[in-house]
Amino acid sequence: MAESAGRPAQEVDQFLSTLPKVIDHITSRHTDLHTLPTLATPSSISNTLSSLPRSLPEQGLGVEGTTSYLVNSILPGILQAQNGPRYYGFVVGGVTPAAQLADILSTSYDENVQVNLYQQTASVAVEQRALELVLDLLSIERKVFMGRTMTTGATSANVLGLACARDYLYANSPHLPQGYSYAQDGPPSSPTLPSPPIIVLSLYPHFSIQKAASLVGLGSSSRIIHSMPSQADDELAFDVYKLEERLEAEKQAGRGVIVVYGIGEVNTGGFGRGLGDVAELCKKYGAWLHVDAAFGGFAGLMPELAEYTKDMDKADSLTLDGHKWLNVPYDCGLFFTRHTSSLTTVFQPPSASAPAYLASSSASPQSAQPTGLAEAEGTVQAQDVPSPLYVGIENSRRFRALPLLASLLSLGKEGYRDIVTRNILFARKVATFINESPHYELLNPSPRASVGDQKTTSEDSGGLDIIPSNIVLFRGSSASPYPPSSPGSSTELTKAINDTRLLYVSATKWRGEGAVRIAVSNYLTDEARDLDIVLGVLGRLGRGERGVQGGGVSVIQSR
Ligand SMILES: *Cc1c(COP(=O)(O)O)cnc(C)c1O
């Protein structure tokens, strides 16, 4: 080592001697992920809490001491296998091997992907290409959504969508000068402007839509966000006649409308039909269509569900998540819009006010690099990618594109089709068990046993209902220890399931009543190994048998 080896050199030495221990830990977690209990035990959580430093020490512990402390005292008290094959809470996904390795590399470079300094770094172009590959995965033409960026998640992508919508609708309001900029001039004061000036029409919006509406200054109350009627035979589909009536009335009133269309309802995983019709109406009446397809947008990779997602390219703006079904690490959200100018109006200050040190080098664009390959229309060349800070909330940003690009490349379209299909088939097996069990009620059966055949109803599907996607929503039956008549029974059932630490599920409410929800979104979930474990736990609890507690796959019971 250099003679002048001071403190940083010691830290580097410690880093190098500690790194193999971290690799060992990651290796054993990776190998054991399918046998690890989903949750920490209550005692390990309390041990972690009592081991937390009470104050910042004057003398640091050093790299090695600190890392040992993390591995021995902190990590045992956090979720042990949220990225494992039987964690079915929320929609969490996991981390594909290529993504995990790339994320480690990304941290190692710690690059700030903020300004497009294309002559100094390719990172912004890498991010752009990763976004283009996501469009390829979904068979959406790249040129449709020329406004694209990576965010921290679907929530912030929804913020971007509503912010763009707000600016677009004010700029096109019949009560304001054409091109009015809310971003620059704030809320307008025109006496003829209706109150509220903009409303949101939706069916079952994800809670983050309310947050986004509040944040971008639309308001989040029910005066702003309206729940629209659904079709008589499809509660997840807009009643397009009612929607058209409403759009017509709002147009008469000169009010801006944002239609938020969810693909993949969070409780049921379901989709309504009719995105294409809704898109046409939005176009006809000048409404902005924001599609929140955080996880559901990927369900269409399974050919029989493709009809539900095929019109995503009609959206004015589109939200997707990378950290859910794409199985890349937190945090990773994706935002797309066809209105690039709305995006830059919101996030790019007039050039005079942009600090000079943030200027990109695009003043001297090089000619496009000859690649020798014909590229899809809408492919953006390195020097033309807008600086991320001008198309999103953050200035400083992580190089989160690297794990996304790695995962997409590693698996290819086929690999992702396989994950989505396996997850959905797994969920359907669980749903079939729930449906046939006297101890449970399935709450999200599909009336279409054969999706794609519009005529098929539950009567002519031989009673074998299936769920459309990757979520199973259910509750105990009156023949179970968790009867619907008993208040809180679904919460108790959820707790009993989760206490086994063999699998993890979420408690939720559906149609005002308690329910349990299994969302399958992890690439590791394996029918051959995990289905028996899941059905074993559900079977025993449904029959009122206890004692499956403890975690560890060695206690797997027969169904
Ligand atoms: C998960 C989800 C969100 C929120 O996404 P985050 O990535 O957690 O911010 C928004 N909308 C839908 C439909 C979701 O499923």
- Looking at this model, which pairs from Lys143/Lys283; Lys143/Lys242; Lys251/Lys283; Lys283/Lys310; Lys314/Lys509 are more than 21 angstrom apart at the alpha-carbon? Lys143/Lys242; Lys314/Lys509
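Before anything else, pin down the relative contact order of the chain: Cα pairs under 8 Å, at least 6 apart, normalised by residue count, whole percent.
Numbers: 1038 pairs, mean separation 110.6, N = 559.
Reported relative contact order: 20 percent.
Is the C-alpha gyration tensor of the chain telling us rounded, prolate or oblate? Criteria: a/c under 1.5 is rounded; beyond that, a/b larger than b/c is prolate, otherwise oblate. The partial results should precede the final answer.
Details: a/c = 1.76, a/b = 1.06, b/c = 1.66.
Oblate, since a/c reaches 1.5 and b/c is not below a/b.
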- Reachable aspartates and glutamates from Lys21, criterion Cα separation under 12 angstrom, eight or more residues apart if same chain: Glu64
- Task: Neighbouring Cβ atoms within 10 Å as the yardstick, rank Ser407, Ser221 fewest first.
- Result: Ser221, Ser407
- Between the modelled labels at Gln59 and Asn112 (7 Å from Cα along Cα→Cβ) the distance in nm is 3.4
- Quick one: length gained pulling Glu11 to Ala359 fully straight, 0.36 nm per residue minus the C-alpha distance? 121.8 nm
- Query: Each label point is 7 Å from the Cα along the Cα-to-Cβ direction; what then is the distance between the points at Thr41 and Glu377, in nm?
  - Reply: 6.3
- How many nm is it between the label spots at His226 and Ile104, if each spot is 7 Å from the Cα in line with the beta carbon? 5.4
- Query: Can you give the extra length, in nm with one decimal, that the chain gains between Glu245 and Lys310 once fully stretched, where that is 0.36 nm per residue apart less the Cα-Cα distance?
  - Reply: 20.9 nm
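Give me the percent of DSSP beta bridges within the chain that run antiparallel, rounded to the nearest 5. Display every interim value, and only then the final one.
On the way: 25 of 42 bridges.
In the chain, DSSP labels about 60 percent of beta bridges as antiparallel.
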- FRET efficiency (Lys143, Asp418; Cβ distance; R0 45 Å; to 0.05) is 0.95
- Task: Taking the Cβ of each residue in Asp239, Asp321, Asp233 as the centre, tally the other Cβ atoms inside 10 Å and list the residues starting with the fewest.
- Result: Asp233, Asp239, Asp321
- Query: Which values, in whole Å and largest first, are the semi-axes of the equivalent ellipsoid of the stretch 123-274 obtained as the square root of 5 times each eigenvalue of the Cα gyration tensor?
  - Reply: 27, 23, 14
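All of the numbers you see were taken from the coordinates with simple rules; none came from a lab. Small disclaimer: the values here were computed from a predicted structure and weren't measured. For neighbour counting, all protein chains shown are included, and Cβ atoms are generated from backbone atoms with ideal geometry for every residue, glycine included.
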